[in-house]
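Q: Dumping the structure here so I can ask a few things about it.
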């Protein structure tokens, strides 16, 4: 099959990894972004993201995430950069479900074990729960991954990177892209993965925008060593809505909670929003013990776009040659290699080019 022309709109993790896979498959790729490449304002730009290999109650999602985990390890070799911290991931689960969850993990070939709360002295678990540790899971060094992918693409002869090139229109019928300035770019396949701006480019496709507040911390001296060896964690706090990502490899300890995730109409006012009430709400959610002993290093907001129907990440075909991905925070980052592989597969299989269907990635 002759080389196809691919246009990727958005230089976050989905766009960059898709460009990598398409270039590896021998296609010509153009990546456009309204900012630098990689773009620090992209949904996926952060110090670290969690990747699991076990999805309770969803065997298909477990298979997908195990595949994504393997692909991330392959990308480390390809990009020549360490991207994965094998710190494991612990999730608070009701005690009465632990035996069933362990059996499901064993059937799926995933290693898990129970961790009692005394082994997690600096985390708050909900009442009547214990930790279920996903041993093969860990943390992706997100910013490092984006920067490594951008370097690799910048050196590839079949790839054109166009930073500071805002896209004003995507014609889903003809598969053409119009950057600011009036030029038109045609392609055999267009992927729109522009995070919060995807909805605007695709004529109001049902995508919900969310804003999340994250707090980055320095642990107190007597807890610093423990945190350097700690797993990532979810289901924290009395309400089970909090999570923590441990420090290491130059990253800070990060905490947040679904309690401070809110739906918003647009991204424009995010920079002016007073974060103090949201930080207070996060502290009240209490994902960590003695949170007042930690030093706040930074507070950050991010926006992400979720599919209106599923509430998660979804790769959808919106025209004969146009695909769109609603990116969903950490789960969207972890599963990005699946999206990239699917797009490359569509290009390499002519019958797929006329097969209109969505590709559901599952939860991370």
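The values are calculated or read from the model by the stated rules, or taken from the named source; none is laboratory data. Note that the coordinates shown come from a computational prediction; the quantities given were computed from them, not determined experimentally. Every residue, glycine as well, gets a Cβ built from its backbone with ideal geometry; the counts of neighbours run over all protein chains shown.
Q: Considering (1) touching a helix residue (DSSP H, G or I) at 6+ places or on another chain (Cβ under 6 Å); (2) at pLDDT below 95, say which one residue 279 fails and leave the rest.
A: (1)
Q: Next question, about the same structure. Mind telling me which of the residues 59, 68 ends up being under 14 Å from the mean Cα position of the chain (by Cα) and closer than 30 Å to residue 287 by Cα? Break it down stepwise before answering.
A: Values: 59 fails: under 14 Å from the mean Cα position of the chain (by Cα).
Result of the check over 59, 68: 68.
Q: A further question follows. With the checklist (1) at pLDDT 85 or above; (2) crowded, with 23+ Cβ neighbours inside 10 Å; (3) within 30 Å of residue 224 (Cα to Cα) in hand, flag the one item residue 336 doesn't pass.
A: Only one criterion is unmet by residue 336, namely (3).
Q: Can I ask one more? Among the candidates 137, 145, 149, which residue alone is over 17 Å from residue 45 (Cβ atoms), surrounded by 20 or more Cβ atoms within 10 Å (Cβ to Cβ) and within 17 Å of the chain's Cα centre (by Cα)? Don't jump to the end; show me each part of the working.
A: On the way: 145 fails: over 17 Å from residue 45 (Cβ atoms); 149 fails: over 17 Å from residue 45 (Cβ atoms).
137 is the lone residue from the list that is over 17 Å from residue 45 (Cβ atoms), surrounded by 20 or more Cβ atoms within 10 Å (Cβ to Cβ) and within 17 Å of the chain's Cα centre (by Cα).
Q: Against the condition farther than 21 Å from residue 52 by Cα, touching a strand residue (DSSP E or B) at 6+ places or on another chain (Cβ under 9 Å), modelled with pLDDT under 95 and assigned to a loop (DSSP other than H, G, I, E, B), how does residue 266 come out, does it pass?
A: On the way: farther than 21 Å from residue 52 by Cα: yes; touching a strand residue (DSSP E or B) at 6+ places or on another chain (Cβ under 9 Å): yes; modelled with pLDDT under 95: yes; assigned to a loop (DSSP other than H, G, I, E, B): yes.
Considered against the rule, which asks whether it is farther than 21 Å from residue 52 by Cα, touching a strand residue (DSSP E or B) at 6+ places or on another chain (Cβ under 9 Å), modelled with pLDDT under 95 and assigned to a loop (DSSP other than H, G, I, E, B), residue 266 comes out as yes.
Q: Further question: Can you find even one residue in region 75-88 that is more than 13 Å from residue 140 (Cβ to Cβ), buried (at least 21 other Cβ atoms within 10 Å of the Cβ) and at pLDDT 95 or above? Break it down stepwise before answering.
A: As a first pass, look at region 75-88 and keep what is more than 13 Å from residue 140 (Cβ to Cβ): 77-78, 80, 88.
This time we only want the ones that are buried (at least 21 other Cβ atoms within 10 Å of the Cβ), so: 88.
Restricting the remaining residues to those that are at pLDDT 95 or above gives 88.
Checked region 75-88: at least one residue is more than 13 Å from residue 140 (Cβ to Cβ), buried (at least 21 other Cβ atoms within 10 Å of the Cβ) and at pLDDT 95 or above.
Q: Condition (residue is in contact (Cβ under 8 Å) with a residue 12 or more places away in the chain, buried (at least 16 other Cβ atoms within 10 Å of the Cβ), over 27 Å from residue 144 (Cβ atoms) and touching a helix residue (DSSP H, G or I) at 6+ places or on another chain (Cβ under 9 Å)) applied to region 214-233: is it met by at least one residue?
A: Checked region 214-233: no residue is in contact (Cβ under 8 Å) with a residue 12 or more places away in the chain, buried (at least 16 other Cβ atoms within 10 Å of the Cβ), over 27 Å from residue 144 (Cβ atoms) and touching a helix residue (DSSP H, G or I) at 6+ places or on another chain (Cβ under 9 Å).
Q: Can you list the strands (runs of 3 or more DSSP E) found entirely within region 88-193 that contain at least 2 residues being within 23 Å of residue 78 (Cα to Cα)? Please lay out each step first, then the result.
A: Numbers: elements: 89-94, 112-115, 129-134, 138-140, 159-162, 167-171, 176-179, 189-192.
Those strands (runs of 3 or more DSSP E) span 138-140, 159-162.
Q: If you take the residues of region 267-280 that are surrounded by fewer than 17 Cβ atoms within 10 Å (Cβ to Cβ) and touching a residue at least 60 places away in the same chain (Cβ under 8 Å), which of them is farthest from residue 207 (Cα to Cα)? Break it down into steps so the answer makes sense when it comes.
A: Going through region 267-280, the residues surrounded by fewer than 17 Cβ atoms within 10 Å (Cβ to Cβ) turn out to be 268-277, 279-280.
Filter once more, so that each one left must be touching a residue at least 60 places away in the same chain (Cβ under 8 Å): 273, 275, 279.
Numbers: 273: 22, 275: 24, 279: 26 Å.
That would be 279.
Q: With the structure loaded, tell me whether residue 81 is in contact (Cβ under 8 Å) with a residue 40 or more places away in the chain, part of a loop (DSSP other than H, G, I, E, B) and touching a helix residue (DSSP H, G or I) at 6+ places or on another chain (Cβ under 8 Å) or whether it fails that test. Full working, then the answer.
A: Numbers: in contact (Cβ under 8 Å) with a residue 40 or more places away in the chain: yes; part of a loop (DSSP other than H, G, I, E, B): yes; touching a helix residue (DSSP H, G or I) at 6+ places or on another chain (Cβ under 8 Å): yes.
Taking the combined requirement at face value, the residue satisfies it.
Q: Another question, if that's okay. Suppose we keep only residues that are surrounded by fewer than 21 Cβ atoms within 10 Å (Cβ to Cβ) and touching a helix residue (DSSP H, G or I) at 6+ places or on another chain (Cβ under 7 Å) within region 1-22. Which one would you say is modelled with the lowest pLDDT? Can you show your working first?
A: At the first step, the residues of region 1-22 found to be surrounded by fewer than 21 Cβ atoms within 10 Å (Cβ to Cβ) are 1-5.
Remaining after also requiring touching a helix residue (DSSP H, G or I) at 6+ places or on another chain (Cβ under 7 Å): 1, 4.
On the way: 1: 57, 4: 91.
Of everything passing the filter in region 1-22, 1 is modelled with the lowest pLDDT.
Q: Anything in region 234-248 that is touching a helix residue (DSSP H, G or I) at 6+ places or on another chain (Cβ under 8 Å) and more than 18 Å from residue 281 (Cα to Cα)? List them, or say none.
A: 246, 247, 248
Q: Got a sec? Which of 167, 124, 190, 159 is more than 30 Å from residue 349 (Cβ to Cβ), in contact with a strand residue (DSSP E or B) (Cβ under 8 Å, 6 or more places away or on another chain) and in contact (Cβ under 8 Å) with a residue 24 or more places away in the chain?
A: Details: 167 fails: more than 30 Å from residue 349 (Cβ to Cβ); 190 fails: more than 30 Å from residue 349 (Cβ to Cβ); 159 fails: more than 30 Å from residue 349 (Cβ to Cβ).
After ruling out the rest, the residue left standing is 124.
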